[in-house]
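Novice: Structure provided below as structure tokens; questions to follow.
The values are calculated or read from the model by the stated rules, or taken from the named source; none is laboratory data. Since the structure is predicted, the reported quantities are computational estimates derived from the model, not experimental observations. Note that each Cβ is placed from the backbone with ideal geometry, even for glycine, and that neighbours are counted across all protein chains shown.
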Amino acid sequence: MPDIKRQTAIKCTIKKILEGNYVQKPGWEPNYVEISGKKISRANILAAIISKETSLIKIDDGSGQITVRFFSEQEKADNLHVGDIILLIGRPREYNNERYLVPEIIRVIKEKGWIEHRKKELGSQEVSAKPAKKQEVQKKSMPQAAPVQEEYLDNEPLKILESIKKLDAGEGADIEAIIKQSGVKNADKHIQEMINEGEIYEIRPGKLKIL
């Protein structure tokens, strides 16, 4: 197997994924959606779940709606419910002219302030994480799901997350203190990757919080 570099998850709206040009690459090269010259093979989207079936959910971020298909990861949909606001890292795919997402990471967002933060990040790209039509959302009868955990290949990111939890008294944790507390080699590199993935957020220069 060739050495494939993991692509950065790009923050964008569902509308951009639906309207972009889908490019299917041969072999191990990742497929992507091309938007204004930017190639998105992994998308970072904040949206609301508006419907759910056995192996898929449909999400809406105010700019559009798209299906998330679970395939072999079907069990991960069990802890998700209609009405949940989620942060999704997923790969755009297309089959029979249908554009959809294959999930890698899904986290339920409890603090609604992140929606406003995402609006600011994306400017005027119409992010609201609210369904376009209220009647499309089924009545929520189950308690809010706990976040779905990513399976890390190693425990270094987990050490960093634990350090942030211990050091954050409400105003964020100092990056230098996190690096020292975690004892992780190349912690700064891991921290930048986790920011790109949406795992953590730099609330202000030098201060990190868990999303």
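Novice: What is the residue count in the range 174-200 for residues that are within 19 Å of Ile106 (Cα to Cα) and not in a helix (DSSP H, G or I)?
Specialist: Total meeting the criteria: 3.
Novice: Turning to a different aspect of this structure: Look through the range 154-173, keep the residues that are assigned to a helix (DSSP H, G or I) and charged (D, E, K, R), and return whichever of them is surrounded by the fewest Cβ atoms within 10 Å (Cβ to Cβ). Steps first, answer last, please.
Specialist: Initially, the range 154-173 is screened for residues assigned to a helix (DSSP H, G or I), giving 156-167.
Imposing the further condition that a residue be charged (D, E, K, R) reduces the set to 156, 159, 162, 165-166.
Details: Glu156: 17, Lys159: 17, Glu162: 15, Lys165: 11, Lys166: 13.
The qualifying residue surrounded by the fewest Cβ atoms within 10 Å (Cβ to Cβ) is Lys165.
Novice: Could you list, in sequence order, all residues of the range 12-29 that are surrounded by fewer than 18 Cβ atoms within 10 Å (Cβ to Cβ) and within 24 Å of Glu193 (Cβ to Cβ)?
Specialist: Lys25, Trp28, Glu29
Novice: Step by step: first the residues of the range 78-115, then only those that are of a type in the set (Val, Ile, Thr) and assigned to a strand (DSSP E or B), then the one that is nearest to Lys11 (Cα to Cα). Which residue is that? Don't jump to the end; show me each part of the working.
Specialist: Filtering the range 78-115 down to residues of a type in the set (Val, Ile, Thr) leaves 82, 85-86, 89, 102, 105-106, 108-109, 115.
Retained after the next criterion (residues that are assigned to a strand (DSSP E or B)): 85-86, 89, 102, 105-106, 108.
Details: Ile85: 16, Ile86: 13, Ile89: 9, Val102: 16, Ile105: 14, Ile106: 14, Val108: 17 Å.
The residue in question is Ile89.
Novice: Is there a residue in the range 172-182 that is modelled with pLDDT under 85, out of contact with any helix residue (DSSP H, G or I) (no Cβ under 8 Å at 6 or more places or on another chain) and either not assigned by TED's automatic domain parsing to the domain that holds Val68 or not charged (D, E, K, R) (or both)?
Specialist: If we filter the range 172-182 for residues that are modelled with pLDDT under 85, which is where we start, we get none.
Checked the range 172-182: no residue is modelled with pLDDT under 85, out of contact with any helix residue (DSSP H, G or I) (no Cβ under 8 Å at 6 or more places or on another chain) and either not assigned by TED's automatic domain parsing to the domain that holds Val68 or not charged (D, E, K, R) (or both).
Yes/no per residue for (1) of a type in the set (Phe, Trp, Tyr); (2) free of Cβ contacts under 8 Å to residues at least 40 places away in the same chain:
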site: Ser36; (1), (2): no, yes
site: Ile45; (1), (2): no, no
site: Phe70; (1), (2): yes, yes
site: His81; (1), (2): no, no
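Novice: Being modelled with pLDDT of 90 or more and in a loop (DSSP other than H, G, I, E, B) is the filter; apply it to the range 13-40 and report the residue that is nearest to Leu88 (Cα to Cα).
Specialist: So, considering only residues that are modelled with pLDDT of 90 or more and in a loop (DSSP other than H, G, I, E, B), the one nearest to Leu88 (Cα to Cα) is Thr13.
Novice: A further question on this structure: Quick check on the range 198-209. Is at least one of its residues under 26 Å from Ile40 (Cβ atoms) and at pLDDT 85 or above?
Specialist: Yes, that holds for at least one residue.
Novice: Quickly run through the range 98-118 and pick out the residues that are modelled with pLDDT under 75 and either in contact with a Pro (Cβ under 8 Å, 6 or more places away or on another chain) or not aromatic (Phe, Trp, Tyr) (or both).
Specialist: Let us first name the residues in the range 98-118 that are modelled with pLDDT under 75, namely 111-117.
Glu111, Lys112, Gly113, Ile115, Glu116, His117 - these are the residues of the range 98-118 that are modelled with pLDDT under 75 and either in contact with a Pro (Cβ under 8 Å, 6 or more places away or on another chain) or not aromatic (Phe, Trp, Tyr) (or both).
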